[in-house]
Amino acid sequence: MPESPTLSAGLDRDAVVGWYRRNRERSRAIFDVIADDAYYSQPIALRHPIVFYEGHLPGFSFNTLVKKGLGRPSIDPRLETLFARGIDPHESHTQPAMSFPQPAARNPQSGWPSRDAVRAFAAEADQQVIGALERATLEKPGDPLLDRAEAVFSILEHEAMHQETLLYMWHRLPFDQKRTPAAYRPRAGEADGRVPSQESVDVPAGRATLGVDRGSIPFGWDNEHPACVAEVAAFTIDRHDVTNASFAEFVDAGGYREARWWRPEDWQWVQAERVTHPLFWERYGSGWHWRGMFELIPLPLAWPVYVSHAEASAFARWRGARLPTEAEFARAAFGSPAGERSHPWGEDHPTAEHGVFDFSSWDPKPAGSHPKGGSFWGVEDLVGNGWEWTSTVFAPFPGFQPMASYPEYSADFFDGEHFVMKGASPATARELLRPTFRNWFRARYPYVYTTFRCLKNDR
Ligand SMILES: [Fe+2]
């Protein structure tokens with residue numbers, strides 16, 4: 001499969017049709033995990049019920065490419081409105097979607113269509129989208145949606161990103177509301193895996209390029225443009241992500257009981273919600289357990305801890321360190337004395353030996369199991385096995401312009417409340433693994449597959 005359909009000699013139709021079909025097959029497989037009686041449930045209160053997403057994915061693609069991009073008529077205006085816009089992983093994380101009537105959000109079953117109706121709508125949307133990808137004019141210089149085939153890439157990446165949202169939502173469902181896939185291999189017994197010894201890696205001062213100029217890659221979201229350069233001072237950074245073993249030291253030391261490690265707003269949350277440990281951890285008897293996608297297992301000490309930004313920053317402060325900035329992450333991941341790389345490991349296309357991404361696993365793997373994916377400096381797992389929190393507030397690069405195919409994608413979140421995450425998780429599609437890709441969440445959103453590592457400036 002090509003990395004990304006190239007635009008140099010026109011859009012490669014076979015590549016985009018293939019990508020769309022692969023996306024749809026994966027989404028179907030993800031929805032197949034859900035038991036029928038969970039279809040109208042709402043595993044995370046700030047998200048829509050599951051039914052929404054089965055209509056939203058093909059609905060967004062139809063609306064963006066076929067209706068807005070090509071100016072063709074509706075399939076079903078009522079369903080298109082209903083499925084128009086949810087709360088994305090990259091969207092608001094404290095407000096229910098305003099695009100859907102509030103009573104239905106409280107009572108998920110009322111007002112939502114039957115699954116057959118959703119699937120019939122999805123089938124028609126798919127047929128029209130695939131027809132357009134196969135035959136329509138997809139690239140028109142100067143056209144707001146079709147310049148550089150923006151609408152095509154938007155719909156492809158939108159679906160890939162949602163697949164990760166779906167999986168972390170599914171993660172919160174009771175096990176008896178999920179069907180374990182036949183190929184799933186139980187992870188119990190991994191609690192005893194070797195915990196890598198943490199080391200500090202020195203990274204010299206240098207430049208980090210954030211973002212990329214529009215037109216110099218086949219596609220980037222608006223928040224990735226334009227390129228800007230940051231001068232980064234020397235630092236030392238953890239070779240490995242913070243593991244469950246390390247994080248347990250913070251928990252055991254009473255980290256969740258001492259205000260001094262937390263930002264005031266985060267401490268308020270800890271107290272109000274009585275947060276005492278990472279959401280993925282559960283206490284049974286005398287020991288911690290990990291809530292995996294399909295089973296509860298004794299806490300795998302070597303796996304990266306998944307926590308909110310609030311918890312990550314508190315841990316870092318307790319350790320006398322801090323989270324990396326977005327620029328420091330970029331320097332650690334992509335910098336080298338010979339210039340910046342496309343991936344931490346260099347220019348090779350991402351494969352399973354470089355890290356845990358592209359749906360290769362339902363849960364993380366032990367930290368440090370992919371040394372071939374290490375950066376020039378020897379920092380490991382920067383891309384894969386969990387997104388990584390940075391201390392950088394999500395904001396536009398100078399010269400930012402919202403994109404025509406999805407103008408609210410980033411602009412709605414430049415509110416000073418969201419923090420940039422970089423890298424990738426096990427549920428991040430390979431197509432999204434580019435150095436400029438940015439993800440963002442609120443500080444106290446604990447559901448995502450996100451870990452962190454610590455950094456210091458004194459060497
Ligand atoms: Fe969406």
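Output ³J(HN,Hα) for the range 177-187: one whole-Hz value per residue in order, computed from phi by the Karplus curve 6.51 cos²θ - 1.76 cosθ + 1.60 with θ = phi - 60°, and x for Gly and Pro.
Taking θ as phi minus 60°, the curve returns 9, 10, 9, 6, x, 4, 7, 5, 10, x, 9 Hz for the range 177-187.
Determine the alpha carbon to alpha carbon distance for each of 365/456; 68/140; 372/456; 67/422; 178/372 and list only those over 23 Å.
Violating the 23 Å limit, Cα to Cα: 365/456; 372/456; 67/422; 178/372.
Given the whole protein assembly as supplied and a 1.4 Å probe, what does the accessible area of residue 442 come to in Å², nearest 10?
Only protein atoms counted, so the area is about 40 Å².
List the residues whose amide H sits under 5 Å from the amide H of residue 34, counting only those 5 or more places along or on another chain, with H placed 1.01 Å from N in the peptide plane.
For residue 34, whose amide H was placed from the backbone, the distant partners under 5 Å are 179.
Toward the positive end of the charge dipole of the range 252-326, about the Cα centre and with charges on Cβ (Lys, Arg +1; Asp, Glu -1), which of 276, 293, 254 goes farthest?
It is 254, whose Cα lies furthest towards the positive end.
With a 1.4 Å probe and every protein chain kept in, tell me what percent of the accessible surface of the chain is carbon plus sulfur.
Of all accessible area on the chain, carbon and sulfur atoms account for 51 percent.
Given a cut-off of under 8 Å on Cα pairs at least six residues apart, what relative contact order in percent is computed for the chain?
18 percent.
With all protein chains present and a 1.4 Å probe, how do 166, 210 order by accessible area, largest first?
210, 166
Over the range 242-391, what is the mean sequence separation of C-alpha contacts under 8 Å (at least six apart), divided by residue count, expressed as relative contact order in percent?
22 percent
What accessible area per residue, rounded to a whole number of Å², is obtained for the range 304-435 using a probe radius of 1.4 Å?
It amounts to 31 Å² per residue over the range 304-435.
When all protein chains stay in place, what accessible area (Å², nearest 10, 1.4 Å probe) is found for residue 12?
Approximately 60 Å² for this residue.
Considering the zone a paramagnetic label at residue 401 would reach in this model (a point 7 Å from Cα along the Cα-to-Cβ line), which residues of the range 131-156 have amide N under 19 Å from it?
The answer is 139-154, whose backbone nitrogens lie closer than 19 Å to the label point.
Amide H to amide H under 5 Å from residue 404: which residues, 5+ apart in sequence or cross-chain, H placed 1.01 Å off N in plane?
Residues meeting the criterion, in which the H sits 1.01 Å from N, do not exist here.
So what is the relative contact order for the range 381-423, in percent, with contacts set as C-alpha pairs under 8 Å and at least six apart?
Across the range 381-423, relative contact order equals 61 percent.
In debye, nearest 20, what is the charge dipole magnitude of the chain about its Cα centre with +1 on Lys and Arg Cβ and -1 on Asp and Glu Cβ, if you could check?
Value, rounded to 20: 480 debye.
With Cβ to Cβ distances under 11 Å as the rule, what net charge do the other residues near residue 325 carry (K, R +1; D, E -1)?
Net local charge, residue 325 excluded: +1.
Return, ordered by residue number, the residues of the range 187-224 whose backbone nitrogen is under 17 Å from a label point located 7 Å along Cα→Cβ of residue 340.
204-224
Could you point to the residue in 66, 324, 378 farthest towards the positive end of the chain's charge dipole, with +1 and -1 charges on the Cβ of Lys/Arg and Asp/Glu respectively?
Sorting the options by dipole projection puts first 324.
How would 451, 81 line up by accessible area, probe 1.4 Å, largest first?
Listed by decreasing accessible area, they come as 81, 451.
What are the residues whose amide H is under 5 Å from the amide H of residue 367, where those residues sit 5 or more places off or on another chain and H is modelled from the backbone?
303
Round to the nearest 10 and report in Å² the accessible area of residue 209, as given by a 1.4 Å probe over the protein chains' heavy atoms.
The accessible area comes out at roughly 60 Å².
How big is the charge dipole of the range 102-222 about its Cα centre, in debye rounded to the nearest 20, if each Lys and Arg gets +1 on its Cβ and each Asp and Glu gets -1 on its Cβ?
Once rounded to the nearest 20, the dipole reads 500 debye.
Spelling out what I want: for every residue of the range 378-392, take phi, set θ = phi - 60°, compute 6.51 cos²θ - 1.76 cosθ + 1.60 (Karplus), and round to whole Hz; glycine and proline get x.
With the stated coefficients, the range 378-392 comes to x, 7, 9, 6, 5, 10, x, 6, x, 4, 10, 5, 10, 8, 7 Hz.
What is the gain in length, in nm to one decimal, between residue 14 and residue 78 on full extension, counting 0.36 nm per residue of separation less the C-alpha to C-alpha distance?
19.8 nm
With the Cα gyration tensor of the range 334-390 giving a ≥ b ≥ c as the square roots of its eigenvalues, does the rule (a/c under 1.5 for rounded; else a/b larger than b/c for prolate; else oblate) give rounded, prolate or oblate?
In terms of gyration-tensor shape, prolate.
Once fully extended, how much extra length lies between residue 26 and residue 180, figured as 0.36 nm per residue of separation less the alpha-carbon to alpha-carbon distance?
Using 0.36 nm per residue and subtracting the Cα-Cα distance, I get 53.9 nm.
With helices defined as uninterrupted DSSP H runs, which ones in the chain have an alpha carbon span along their own long axis of at least 15 Å and mean Kyte-Doolittle hydropathy of at least -0.5?
Answer set is 50-61, 115-135, 150-170.
Would you please classify the overall shape of the chain from the alpha carbon gyration tensor, given that a ≥ b ≥ c denote the square roots of the eigenvalues, rounded means a/c under 1.5, and beyond that prolate means a/b larger than b/c while oblate covers the rest?
Oblate is the answer for the chain, as a/c is 1.5 or above yet b/c matches or exceeds a/b.
Simple spin-label model, 7 Å along Cα-to-Cβ: residue 234 to residue 347 in nm?
3.0 nm
Going by a ≥ b ≥ c, the root eigenvalues of the Cα gyration tensor, does the range 292-432 fall in the rounded group (a/c under 1.5), the prolate group (a/b larger than b/c) or the oblate group?
Judged from the Cα gyration tensor, the range 292-432 comes out rounded (a/c under 1.5).
In what order, largest first, do 157, 124 sit by accessible area if the probe radius is 1.4 Å?
Ranked from most to least accessible, the order is 124, 157.
For the charge dipole of the range 308-459, defined by +1 on Lys and Arg C-beta atoms and -1 on Asp and Glu C-beta atoms about the Cα centroid, which residue among 309, 404, 343 has the Cα displaced farthest towards the positive pole?
The listed residue farthest towards the positive side: 309.
Kindly provide the helix-only [θ] at 222 nm of the chain, computed as the sum of -39,500 (n - 2.57) over DSSP H runs of four or more divided by all residues, to the nearest 500 deg cm²/dmol?
Computed ellipticity for the chain at 222 nm equals -8500 deg cm²/dmol.
What is the sum of charges, Lys and Arg at +1 and Asp and Glu at -1, for the other residues whose Cβ falls under 12 Å from the Cβ of residue 278?
0
The values are calculated or read from the model by the stated rules, or taken from the named source; none is laboratory data. The structure presented is a predicted model; accordingly, all values stated were derived computationally and were not measured. Glycine gets a Cβ as well: all are built from the backbone with ideal geometry, and neighbour counts include every protein chain shown. Areas reflect the complete protein model, heavy atoms only, side chains present, ligands, DNA and RNA absent. Shrake-Rupley method; radii C 1.70, N 1.55, O 1.52, S 1.80 Å.
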